[in-house]
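Below: the structure, in structure tokens.
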Amino acid sequence: MHFTMDLPGLEELKIMKSETVGDAFHLHVEMERKAHHCPSCGERTKNVHDYRTQKIQHLKMFERTSYLFYRKRRYVCPCGKRFPEKTRVVERYQRHTAEWNQALGLRTIQGKNFKDTARQFHTSPSTAMRRFDRIAAPLIQEVNELPEVISIDEYKGDTSKGKYQVLIADGRTGEPVDILPDRSVATIKQYLREKGAKVEMVVMDMSPSFKSAVQKALGSPILIADRFHFCRYIYWALDLIRRNVQHDFHEYDRKKCKRMKHVFHKPFETLSEKQHWYLKRYLHLSSELTVAYQLKERFRSWFERAKQETYHPENSIKEELYAFYQDVEDAGLPALNKAVQTLKNWQTEILNSFTFGYTNGPIEGLNNQTKVIKRNAFGFRRYDRLRSKILLHHQTKNQNIQVG
């Protein structure tokens, strides 16, 4: 059967015959005979020395695995040199077409994991990983200089480089910039010294090691504490007090209070009538829990007002925060006193979060996607492969790859 149409990727080949063999689709192809330059002497020749049929795997056709049976010519030059004809369809020493290799490499970037991608292309996971490694290096947009505002956070990678890796993102756009092999002060400090000349602000969680590394590497940048991380200290203290006092409740109330712990975290004005009833009941059973809850609501009100754009952190926000400190001290609750001491230690960074408005929310979302990638692949042994997978996933997630 002779084809009169050109198939994408096979335009330079003539399809001599097609057939279905089992679940596979076979195409018998050859190139048009034409003069070639001898790689030895440079003379042109059309003399054919012999033919060899090469079986090459190609992309799926009609939902069937397809193979090309390529009748390859070898030419002979009068100088005695024998050489194969040139083609863009398949590279030398390859058993897959160039388009198949390209499609597999691109699909490994956005695919769920290497094993599933390899199954789709009827090849081995090791082949999929080799193709990914080859295509990943030139595609990654390496950063030479960090932006003025960066976010920094860690995630659990469990790779050959260690248990934790560090993700650095653009603080303004939320786009990932780079990934560091471990979270040690030395690694972060060295990286920031090399590429952080323009960095003016750093958004981070309340990690002493991150703070130490940034200050040693960059001198005196503006440090911004993430809002979620400093707010949770107050909620943790309230939870600790609730767990301590509910031991004195009746067994039914103790279990019910534990199940209804979310009512202590929600804003008072958003509670339903039923939740208001439970809150009133359990606060009535403990004066200590009542005081802790009132202080939590006081802190939440301060936090909501501090987020307003018309508020000025330089004046009233700081004064109200000092008043909150004094109320906690007067209450005499050790758990809240410990939480307030943490806020005092990070007060400058906390107030900066309201002054400049940056948070670690975008980078936390990136970390969540990173954990999903790792979980889908059942983990990565090699740090460099995980780094490439994460960065390329984010760089190409808005692109629609249709090849293969």
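May I ask you to sort C257, C231, C79 by Cβ crowding, counting other Cβ atoms within 10 Å and putting the fewest first?
On the way: C257 23, C231 15, C79 11.
Lowest to highest Cβ neighbour count: C79, C231, C257.
On a 0 to 90 degree scale, rounded to 10, what angle separates helix 125-139 from the longest Cα axis of the chain?
80 degrees
P(r) of segment 153-210 in 10 Å steps, Cα pairs, percent per bin?
Once binned at 10 Å, the Cα pair distances of segment 153-210 give 20, 59, 20, 1.
For the chain, what is the calculated [θ] at 222 nm in deg cm²/dmol (nearest 500), taking -39500 (n - 2.57) for each run of four or more DSSP H residues and dividing by its residue count?
-14500 deg cm²/dmol
Pairs of lysine in segment 1-96 with Cα under 29 Å and at least 8 positions apart or on different chains: total?
Value for segment 1-96: 29.
Amide H neighbours of K72 under 5 Å, at least 5 residues apart or on other chains, H built in the peptide plane: list them.
It is R52, T53, Q54, by chain and number.
No solvent, one uniform scatterer per C-alpha: report log10 I(q)/I(0) for segment 267-404 via the Debye equation at q = 0.11, 0.14 1/Å, two decimals.
Taking Cα atoms of segment 267-404 as identical point scatterers yields -0.70, -0.87.
Where the centroid of each part is defined by its Cα atoms, how far is segment 319-341 from segment 235-262 in Å?
Distance between centres, Cα-based: 22 Å.
Using a cut-off of 13 Å between beta-carbons, work out the net charge of the residues near P147 (Lys and Arg +1, Asp and Glu -1, P147 not included).
The answer is -3.
Short version: what are the Cα gyration tensor semi-axes of the chain, square root of 5 times each eigenvalue, largest first, in whole Å?
Values: eigenvalues 842, 136, 53 Å².
Computed over the chain, the values are 65, 26, 16 Å.
Nearest 10 degrees, 0 to 90: what angle lies between the long axis of helix 287-306 and the longest principal axis of the chain (Cα atoms)?
60 degrees
Taking neighbour counts of Cβ atoms within 10 Å as a proxy for exposure, in what order, fewest first, do Y293, Y322 appear? Before the final figure, lay out each step's value.
Values: Y293 20, Y322 12.
Exposure proxy ranking, most exposed first: Y322, Y293.
Filter the chymotrypsin sites (Phe, Trp or Tyr not before Pro) in segment 1-100 down to the DSSP loop ones having no more than 16 other Cβ atoms within 10 Å, then list what survives.
F3, F62, Y93
Roughly speaking, what is the centre-to-centre gap between segment 282-308 and segment 29-54 when only Cα atoms are used, to the nearest Å?
85 Å
Please list 3J(HN,Hα) in residue order for segment 106-113, calculated via the Karplus relation 6.51 cos²θ - 1.76 cosθ + 1.60 where θ = phi - 60°; whole Hz, with x for glycine and proline.
For segment 106-113, the Karplus curve yields 5, 5, 5, 6, 9, x, 5, 7 Hz.
Whole-Hz ³J(HN,Hα) for each residue in segment 233-240, computed from phi via Karplus 6.51 cos²θ - 1.76 cosθ + 1.60 with θ = phi - 60°, x for glycine and proline: what do you get?
5, 5, 5, 4, 5, 4, 4, 4
List every residue whose amide H lies under 5 Å from the amide H of K161, counting only residues 5 or more places away in sequence or on a different chain, with H placed 1.01 Å from N in the peptide plane.
Counting only residues 5 or more places away or on other chains, the set is Y383.
Let me have the relative contact order for the chain, percent, based on Cα pairs under 8 Å that are six or more residues apart.
15 percent.
What angle do you read, to the nearest 10 degrees and between 0 and 90, between the alpha-carbon axis of helix 185-195 and the longest principal axis of the chain?
Approximately 60 degrees, to the nearest ten.
Quick one: Karplus J couplings for segment 152-157, per residue in order, coefficients 6.51, -1.76, 1.60, θ = phi - 60°, nearest Hz, x for Gly and Pro?
Ordered by residue, 3J(HN,Hα) equals 9, 7, 9, 8, 8, x Hz.
Below 8 Å between Cα atoms, with a sequence gap of 6+, how large is the relative contact order for segment 93-218 in percent?
The normalised contact order for segment 93-218 reaches 19 percent.
Report, ordered by chain and residue number, the aspartates and glutamates lying within cross-link reach of K296, taken as a straight Cα distance under 13 Å and ignoring same-chain residues fewer than 8 apart.
Filter leaves D239, E288, E304, D327.
Find out how many positive minus negative residues lie around N244, taking Lys and Arg as positive, Asp and Glu as negative, among other residues whose Cβ is under 14 Å from that of N244. Show your work: numbers first, answer last.
Values: positive: R242, R243, R254, K258, K261, K338; negative: D239, D248, E288.
Charge balance near N244 sits at +3.
Give the lysines reachable from K161 as a straight Cα distance under 19 Å; neighbours fewer than 8 places away on the same chain don't count.
Candidates past the 8-residue exclusion: K189, K371, K374, K389.
Do any GluC sites (Glu not before Pro) in segment 260-368 lie in a loop, going by DSSP, with at most 13 other beta-carbon atoms within 10 Å of their beta carbon, and if so which?
Sparse-neighbourhood loop GluC sites (Glu not before Pro): E309.
Once you treat every alpha carbon in segment 1-96 as an equal point and sum by Debye, what is log10 I(q)/I(0) at q = 0.15, 0.18, 0.22 Å⁻¹?
-0.63, -0.84, -1.12
List every residue whose amide H lies under 5 Å from the amide H of R183, counting only residues 5 or more places away in sequence or on a different chain, with H placed 1.01 Å from N in the peptide plane.
Y164
Distance check, please: which entries in K112/K156; K195/K307; K211/K397 exceed 23 angstrom between their Cα atoms? Before the final figure, lay out each step's value.
Numbers: K112/K156 19 Å; K195/K307 32 Å; K211/K397 32 Å.
Result: K195/K307; K211/K397 exceed 23 Å.
Read-outs: derived from the displayed coordinates by stated rules, not from any lab. Quick caveat: nothing in here was measured; it's all calculated off a predicted structure. Positions of Cβ are generated from backbone atoms using ideal geometry, with glycine treated the same way; all protein chains shown enter the neighbour counts.
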